[in-house]
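First the structure, in the form of structure tokens, and then the observations on it.
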Amino acid sequence: MPNSMRPEVRALVTRCLHADPVQRPPMTEVVRLLEAIVQALQPHTPVGRRSSRAQPAAGTPGGEAAGAAAGQGAAADPAGSGGAPQGCGCVIS
């Protein structure tokens, strides 16, 4: 990985490339972390100004994914695993 890569991006990429798929972060976490990185890189928006990107409410089209990415509601754990890692158990080398 390039030395110029931001440390938080490097950490996320490293986790996503883990040899054991069960140890890789779920996509909801990847989305949440990427959104946080993008947010941190955005220039400060003065109070009272709204983002040009509308945020759909949970329960509306596009809202379920947003709620799941934020770790909210049943969509965050559709298998009901209680947060236990899920995967096939295969290892790619």
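Throughout, read-outs are computed from the coordinates displayed, never taken from laboratory work. On a predicted model such as this, the values are computed, not experimentally measured, just so you know. Using ideal geometry, Cβ is built from the backbone for each residue, glycine included, and neighbour counts are taken over all protein chains shown.
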Stretched out fully, how many nm does the piece from V38 to N3 gain, at 0.36 nm a residue minus the Cα gap? 10.7 nm
Segment 1-46: equivalent-ellipsoid semi-axes (sqrt of 5 x gyration tensor eigenvalues, Cα, Å): 23, 15, 4
Expressed in nanometres to one decimal, the distance between label points 7 Å along Cα→Cβ at V13 and V30 is 1.4
